[in-house]
Amino acid sequence: MGDPARIIGPRLKAQRTARGLTMRDLAEASSLAFNTISLIERGKMSPTIATPHKLTSALGVRLAHFVAEGPPKQVVFLESSTRGQAQ
């Protein structure tokens, strides 16, 4: 896995812009400083453990969106009675 700061930043920016949020909007929603959001997005800062939790809560995404290698995988749960029918 590469440098976490360089991986998390672009993913954070993608999630933020996909929701039409400015850095100020996200800072307010996550109770983080604007400068913190900016530094993370530019790969200049590795967030502490509490920071990604605040960001994922504000964006409504799972932590895996920021740290998993490759694109996040979609998980589908099926009732046991329909498992054999899924395609």
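A short reminder: the numbers here are calculations on the coordinates, not readings from a lab. Keep in mind the model is a prediction, meaning the values are calculated, not measured. Don't worry about glycine lacking a Cβ; one is built from the backbone with ideal geometry, like all the others, and counts go over all protein chains shown.
Here each label is just a point 7 Å from Cα along the line to Cβ, and for residue 19 and residue 46 those points are 2.5 nm apart. Between amide H atoms placed 1.01 Å from N, distances below 5 Å from residue 43 occur with 9, all of them 5 or more places distant or on a separate chain. Report the label-to-label distance for residue 38 and residue 79 in nanometres (one decimal), using points 7 Å from each Cα along the Cα→Cβ vector. Result for the modelled spin labels: 5.3 nm. Placing +1 on the Cβ of every Lys and Arg and -1 on the Cβ of every Asp and Glu, with no other charges, gives the range 4-67 a dipole of roughly 180 debye about its Cα centre. I need the shape label for the range 4-67. Rule: rounded when a/c is under 1.5, else prolate if a/b > b/c, else oblate, with a, b, c from the alpha carbon gyration tensor. Because its axes are fairly even, with a/c under 1.5, the range 4-67 counts as rounded.
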